[in-house]
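**Student:** Let me give you the structure first, and then I'll get to my questions.
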Amino acid sequence: MNFNLEPCGKNRYRLSPYGDMQVEALVFLSPKLKAQFGESEALKQLADAASLPGVVSPVIGMPDIHTGFGLPIGGVMATDSKTGVVSAGAVGMDINCGVRLLRTNLEAKSLTTGKLEKLLAAIEKRVPSGVGKSSLYREFREADLEAVTHQGAAYFIRRGYGFPEDEASIEAGGALPGADLKAVSQQARERADQLATIGGGNHFIEIGEVEKVFLPEVASVMGLQEGQVTILIHTGSRGFGHQICTDYSARMAQAASKYGIRLPSKGLAAAPIDSPEGRQYLAAMACAANFAFANRQLITFLVREAFEEVLKLSLEEIGLELVYDVAHNIAKFEEHKGRTLLVHRKGATRALPAGHKENPARYLATGHPAIIPGSMGTASYVVIGTERIGETFNSVNHGAGRIMSRKKAKSSLSPEELQESLKGVLLRAKNLRSLLDEAPVAYKDIDEVVGTLVDAGLTKPVARLKPLAVIKGEGDEG
DNA sequence: ATGTAC
């Protein structure tokens, strides 16, 4: 199938009409990304999304777009809250996969390799990584699931697992409204024993350094400065959210015909927002989103504990304050041009513009940080949306974006090549072969991807972070 | 992403 992209502005393309598209689809690519872009399947997925009932123009492909289940990863789909649909596949399997950035008072040059190794070990001792791992601590494995899923990060912050001020630096305050555990299957509840674990795939905990500040005044509001040690935590709702997506995708596929919805693909199974299936999915999705906020909160608590133990300093001295925590797989009701829309972001990060009332008070004048993790061993970015960010429903990309499938990476790369590409970044992993699909060469160039939206006038980089040491969860050896 | 296959 040939999908044609017509240029329609700087780094901006419009997908030529295809099938039953009701609205436009836009894709943001730099000339270099355009030249290497071969993902016709991802474009078909955008066209499919643009054909769903109640979809609002335009459906958007971010510069990190690649084929996903239903909607591409790097996709934004907004639907009208009254006439539109909700799709579990357009949120993704890992509901509220997201990134949290912590700042410190430490200078990167004060951390020797030996100290970094001790820090990684102290974190690893507390936070399991890898597929299928459950929490090391009974109080987390057996936490009151209704309270966790309804209250999110605040449930644990109020019990001492965090600073009271953490809550204000989390998207949606760390708890999406409308969560209802009654909408969650027994099978999903049985997979809720993974709080305070990072999982596998692209998830990680990274100790890094602010390598470059681009906007000193904004960086200062965020407490960031060059040479400073930072922590990134990238994980989501683990098996719990995965099961909820699986359950509701199947239910929506089954229910679609009774609502007269023609499904363009199985992955885009959808139900009217105002239907039992739609409402229950959103209630269950909010449970998974809140579980993920709680997960990142508990990991934060354990990272703080690890730093105190290794550095033998107080948290007051170390810092480790939360800069921000932002989701990149989620659907939320948001106001755009006077309409209430359900904005599905799958591999896309919210970035509210300066002055938007949903920013936390401390970021009202700047816009909150949008955190964009690079692949293992490469830089990450903190960006803000510009006054034009409404053109993408206040959304930016979520990472570098895969350029090589997991399967291809596993078969064509060697552990030696992976080690070489890490360029001295400390990596805690027993088995490099299981991480080949996470090799930097399997991903697009993060500078190019971030630069695409910057040049399109939608974002501004605030700071670039470079990795010093990283914990990755292992997968299988494929 | 994922008890990586019901």
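**Student:** For segment A:180-211, which trypsin sites (Lys or Arg not before Pro) are in a loop by DSSP, counting at most 15 other Cβ atoms within 10 Å?
**Tutor:** none
**Student:** For a Förster distance of 60 Å, can you work out the FRET efficiency between the beta-carbons of A:SER265 and A:SER110, rounded to the nearest 0.05?
**Tutor:** 0.70
**Student:** When the helices in chain A are scored as -39500 (n - 2.57) per DSSP H run of 4 or longer and the sum is shared across all residues, what 222 nm value do you end up with, to the nearest 500 deg cm²/dmol?
**Tutor:** -8500 deg cm²/dmol
**Student:** Still on this structure, please answer the following. Of A:LEU352, A:SER375, A:LEU413, whose Cα points farthest to the positive end of the dipole of segment A:337-447 (charges on the beta-carbon: +1 Lys, Arg; -1 Asp, Glu; origin at the Cα centre)?
**Tutor:** Checked the options; the winner is A:LEU352.
**Student:** Looking at segment A:114-248 from every direction and averaging, what is the projected area of its Cα convex hull in nm²?
**Tutor:** Orientation-averaged projected area of the Cα hull: 10.1 nm².
**Student:** Among A:ALA283, A:PRO72, A:GLY401, which residue has its Cα positioned farthest towards the positive end of the charge dipole of chain A, with +1 placed on the Cβ of Lys and Arg, -1 on the Cβ of Asp and Glu, and the dipole taken about the Cα centre?
**Tutor:** About the Cα centre, the residue reaching furthest to the positive side is A:PRO72.
**Student:** A follow-up question, please. Which links in A:LYS410/A:LYS444; A:LYS10/A:LYS34; A:LYS125/A:LYS408 stretch past 21 Å when you go from one Cα to the other?
**Tutor:** A:LYS125/A:LYS408
**Student:** Further question on the same structure: Rounded to the nearest 20 Debye, what is the dipole magnitude of segment A:270-408 about its Cα centre when Lys and Arg each give +1 and Asp and Glu each give -1 at the C-beta?
**Tutor:** Charge dipole, segment A:270-408, about its Cα centre: 740 debye, nearest 20.
**Student:** Let me ask another. How many percent of the accessible area of segment A:14-146 is carbon or sulfur, using a 1.4 Å probe?
**Tutor:** The C+S portion of the solvent-accessible surface of segment A:14-146 is 50 percent.
**Student:** Another question, if that's okay. If you plug each phi of segment A:223-229 into the Karplus form 6.51 cos²θ - 1.76 cosθ + 1.60 with θ = phi - 60°, what whole-Hz ³J(HN,Hα) values come out, in order, with x for Gly and Pro?
**Tutor:** Result, ordered by residue: x, 10, 8, 4, x, 8, 7 Hz.
**Student:** For segment A:6-472, report the translational diffusion coefficient in µm²/s to the nearest whole number, using Stokes-Einstein at 4 °C, 1.567 mPa s, and a Kirkwood Rh over Cα pairs.
**Tutor:** 59 µm²/s
**Student:** Another one. Identify the GluC sites (Glu not before Pro) of segment A:212-300 meeting these criteria: DSSP loop state and at most 15 other C-beta atoms within 10 Å of the C-beta. Could the numbers behind the result be given before it?
**Tutor:** Details: sites: A:GLU217, A:GLU226, A:GLU277; in loops: A:GLU226.
Counting only loop positions with at most 15 other Cβ atoms within 10 Å, the GluC sites (Glu not before Pro) in segment A:212-300 are A:GLU226.
**Student:** Then there is this: Using a Cα-Cα cut-off of under 21 Å, which lysines could be cross-linked to A:LYS118, ignoring same-chain neighbours fewer than 8 residues away?
**Tutor:** Within the straight-line limit of under 21 Å, A:LYS118 reaches these lysines: A:LYS109, A:LYS312, A:LYS423, A:LYS430, A:LYS466, A:LYS472.
**Student:** Right, next: Which value, in debye to the nearest 20, gives the size of the charge dipole of chain A about its Cα centre, when Lys and Arg are +1 and Asp and Glu are -1 at the Cβ? Could the numbers behind the result be given before it?
**Tutor:** Working: 55 positive and 55 negative charges, 129 e Å.
The dipole magnitude comes to about 620 debye.
**Student:** Over segment A:80-208, what is the relative contact order in percent, taking alpha-carbon pairs closer than 8 angstrom and at least six residues apart?
**Tutor:** RCO, segment A:80-208: 30 percent.
**Student:** Separate question: From the mean inverse distance of alpha carbon pairs (Kirkwood) and the Cα radius of gyration, derive Rg over Rh for segment A:190-264.
**Tutor:** Rg/Rh: 1.25.
**Student:** With a 1.4 Å probe and every protein chain kept in, tell me what percent of the accessible surface of segment A:289-386 is carbon plus sulfur.
**Tutor:** 56 percent
**Student:** Using a Cα-Cα cut-off of under 20 Å, which lysines could be cross-linked to A:LYS82, ignoring same-chain neighbours fewer than 8 residues away?
**Tutor:** A:LYS258, A:LYS332, A:LYS337
**Student:** What percent do you get for the relative contact order of chain A when only Cα pairs under 8 Å and 6+ apart count?
**Tutor:** Working: 1204 pairs, mean separation 106.8, N = 478.
Reported relative contact order: 22 percent.
**Student:** Per residue, what accessible area does chain A have, given a 1.4 Å probe and all protein chains present, in Å²?
**Tutor:** I get 37 Å² per residue for this part.
The values are calculated or read from the model by the stated rules, or taken from the named source; none is laboratory data. In this text, all values refer to a predicted model and were calculated from it rather than measured experimentally. When we count neighbours, we look across all protein chains shown, and the Cβ atoms used for this are built from the backbone with ideal geometry, even at glycine. These accessible areas exclude ligands, DNA and RNA; they are computed on the full protein's heavy atoms, side chains included. Shrake-Rupley method; radii C 1.70, N 1.55, O 1.52, S 1.80 Å.
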